[in-house]
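Structure first, commentary second.
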Amino acid sequence: MKSEGFSFSGWFKSARLQFDQSLIERSVQAVPMTLGRFAIQLVLTLGRVGFLCGEAVAAIFKPPFRPKLFTKQLEFIGNKSLVVILLTGFAVGAILSLQLSKTLSTFSSETMVGGLVALILAREMGPLMAALMINGRVASAIAAEIGTMRVTEQIDALESMSVDPVQYLISPRLFAGFFILPFMTMVFNMVAMFASYLVAVSLLSLDSGIFFAKIAAFVTISEILKGLVKSAIFGFILAFIGSYKGYYTKGGAEGVGIATTQAVVVGSVVILVTDYFIGAFLL
Amino acid sequence: MIRFDNVSKTFGDFTVLNGVNLSFPKGKISVVIGRSGAGKSVILKHIMGFLQPDHGSVWIDGEDTSNWNTQRWRKNRKKFGMLFQDSALFDSMSVWENVAFPLLEHTDKSRDEIDEIVRKKLRMVGLVNAEDKNPSDLSGGMRKRVGLARAIALDPEVVLFDEPSSGLDPIVTTVIDGLVLETQKETGCTYVVISHDMASVYRIADKIAMIYDGKVVIDGTSAEVQSSTDPLVHQFTNGALEGPFNIYY
């Protein structure tokens, strides 16, 4: 007679099947839930970004005007970023010059180095690299400062004294970022061109006259202006993302840390994506 | 005069205020007591307009604030001063700049006039020669004093205190209580204090209201609260373990 007793393998198979089924069911149910939550979160975030941005831009044109705060931010975003801009500008110019010289020499076209470096810098590398470098330093600092003010109730204190915190904290930063980035880009391009000249003329023995002649041939004033407009937009973006992350900081020190990191990461990604779209559709 | 008329406020599933009726009379020190998380700070945030009631309304000087917009609230806040729990001093500014901040923002006074007011307010709270110090160089008690000087810088009609004695030792708490009494006497303005330090509450209060489970369980004078037979009030004011409070919340 066949035994009707307990079979471990049978129990295991049935348990595994039940486990798998319930897991699959839960996973299937979780998909729309997760997507729904993500969609709601996305709409909320975009709404907050839109309102805060609109409020901050409108506040720039409303009294009381705050020239002292604006100049303080100009100094912080611009002057204090000068060393990093000089160093990276020099490095980028030298590297571009060296690599282009090597590549172009295979086509016997190394005389075009000056013009190509100038074109790349004016159109793309200058605005982008300057913005990414300043984003790393400035967006994190803005997020940390405003985030700390949020978690220590300093923003509530501003409100309690009838001071609009958006106008006081965010508007001067946006305006300063928008205004100073083109100047920082010009400094970046200038130093990069100087480094390029040193590498091409002093190290690789290119003719100095041809180097400059090709710059004039390749780069028009409109190319330079397009790059500067782009950098102004990047300046606005990095100041806004730093401010936004700081303004909506939650929690204590941990929240400030998260906001700081996110400001740099999100700022860099948004700058890169914007750069593509500006290049493709606008300028 | 500030009045809460059947005010309710819910955060998610948690009802913090559930039909609160309260009034804070002009020229008096009113204290709101209750356990941590009872909704005391939520009451202050409603008075400042940082939060809006889900039901009911907050009345300020006979006006229903339900329809006030941001600009109207900001206008009203010029008549208010607030001392925050951790003082909320601007750490990028000196003591002088902190106290001068509301004066620079809202008055056309000259630098000398502002300097005179700042020094006067700092003297009122017992701080001399601290103008150039940074908030990070000050002790908790000194920060509270600077916060109080800043709160009264514009000679407000109403000053709100969010737990003025939290984090302070008993001696400094007594000093701060003395300042609260002195400055109120000197300025004659309305003080609303949030606290759960009963010794301090009895020293300063003209009127005490206790919040429990989103409702006002007692609203009376110091003597009335001390002689109350309500088991909730008795347990809270005496800090007793036995009683109707769920201590493991």
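Between the listed residues B:Asn76, B:Phe50, B:Gly27, the Cα displaced farthest toward the positive end of the dipole of chain B, a dipole computed from Cβ unit charges relative to the Cα centre, is found at B:Asn76.
Counting lysine pairs in chain A that sit 8 or more residues apart in sequence, or on different chains, and whose Cα atoms lie under 26 Å apart gives 16.
Couplings 3J(HN,Hα) for the stretch B:50-57, derived from phi with the Karplus relation 6.51 cos²θ - 1.76 cosθ + 1.60 (θ = phi - 60°), are 6, 10, 10, x, 6, 9, x, 8 Hz, where x marks Gly and Pro. Across chain B, the mean sequence separation of Cα contacts (distance under 8 Å, 6 or more residues apart), normalised by length, yields a relative contact order of 26 percent.
Here the extension length gained between A:Ile278 and A:Val229 equals 16.6 nm, from 0.36 nm per residue of separation less the Cα-Cα distance. Between the amide H of A:Leu206 and those of A:Val201, distances stay under 5 Å, these residues lying 5 or more places away or on another chain, with hydrogens modeled in the peptide plane. Of the listed residues A:Arg123, A:Arg37, the order by accessible area with a 1.4 Å probe, largest first, is A:Arg37, A:Arg123. Our coupling estimate for the stretch A:42-59, obtained by passing each phi through the Karplus curve with A = 6.51, B = -1.76, C = 1.60 and θ = phi - 60°, is 5, 5, 4, 5, 4, x, 5, 4, x, 5, 5, 4, x, 4, 5, 5, 4, 5 Hz, Gly and Pro reported as x. Over the protein assembly as shown, the fraction of Cα-Cα pairs per 10 Å bin, rounded to whole percents and listed from the shortest bin up, is 3, 14, 20, 18, 15, 12, 9, 6, 3, 1, 0.
Over chain B, the pair-distance histogram of Cα-Cα distances with 10 Å bins from zero comes to 7, 30, 35, 21, 6, 1 percent, rounded to whole numbers. With the cut-off at under 17 Å, measuring from each backbone N in the stretch B:109-153 to a point 7 Å along the Cα-to-Cβ line of B:Asp169 picks out B:138-145.
Note on the stretch A:55-176: percent of Cα-Cα distances in each 10 Å bin, starting at 0 and stopping at the bin with the largest distance, equals 12, 30, 24, 16, 11, 6, 1.
Comparing Cα centroids, the stretch A:89-139 and the stretch A:215-232 end up 14 angstrom apart.
Compared with the dominant principal axis of the Cα atoms in chain A, helix A:82-105 is inclined by about 80°. In this structure, the amide hydrogen of B:Val216, modeled 1.01 Å from its nitrogen in the peptide plane, lies closer than 5 angstrom to those of B:Asn21, counting only residues at least 5 positions away or on a different chain. Accessible-area rank, largest first, for B:His234, B:His55, B:His196, B:His46: B:His55, B:His234, B:His196, B:His46, with all protein chains present and a 1.4 angstrom probe. Using a probe of 1.4 Å, the accessible surface attributed to B:Lys75 totals some 130 Å² when neighbouring protein chains are kept in position. Seen through its C-alpha gyration tensor, with square-root eigenvalues sorted a ≥ b ≥ c, the stretch A:2-104 comes out oblate because a/c lies at 1.5 or above while a/b is not bigger than b/c. For B:Val193, the residues 5 or more places off, or on other chains, whose built amide H falls under 5 Å of its own are B:Ser30, B:Val31, B:Val32, B:Phe161. Decide, for chain A, between rounded, prolate and oblate: order the square roots of the alpha carbon gyration tensor eigenvalues as a ≥ b ≥ c, take rounded if a/c falls under 1.5, and otherwise choose prolate if a/b is larger than b/c, else oblate. It is oblate, given that a/c is not under 1.5 and a/b is not larger than b/c. Reducing the stretch B:184-220 and the stretch B:49-63 to their Cα centroids gives an inter-centroid distance of 19 Å. Residues A:Glu110, A:Glu25, sorted by accessible area with the largest first, give A:Glu25, A:Glu110 [1.4 Å probe; ligands and nucleic acids excluded]. Per-residue mean of foreign Cβ neighbours for A:54-61 is 0 (Cβ atoms of other chains, 10 Å radius). Other protein chain C-beta atoms within 10 Å of residue C-beta, averaged over A:159-172: 4. A helix-only calculation puts chain B at -11000 deg cm²/dmol for mean residue ellipticity at 222 nm, using -39500 (n - 2.57) for each DSSP H run of at least four residues, averaged over all residues. Scalar couplings 3J(HN,Hα) for the stretch A:118-124, obtained by applying the Karplus form with A = 6.51, B = -1.76, C = 1.60 to θ = phi - 60°, are 4, 5, 4, 5, 5, 7, 10 Hz; x denotes Gly and Pro. Note on A:Leu86 and A:Lys13: their simple-model spin labels are 7.8 nm apart, each label 7 Å out from Cα toward Cβ. Rg/Rh for the stretch B:88-155 stands at 0.93; both radii use Cα atoms, and Rh follows the Kirkwood definition.
The values are calculated or read from the model by the stated rules, or taken from the named source; none is laboratory data. All values derive from a computational prediction rather than experimental measurement. Ideal geometry is used to build each Cβ from the backbone, glycine not excepted, and the neighbour counts take in all protein chains shown. Ligands, DNA and RNA are stripped out before the accessible areas are found, and what is left, the full protein with its side chains, is counted by its heavy atoms. Shrake-Rupley method; radii C 1.70, N 1.55, O 1.52, S 1.80 Å.
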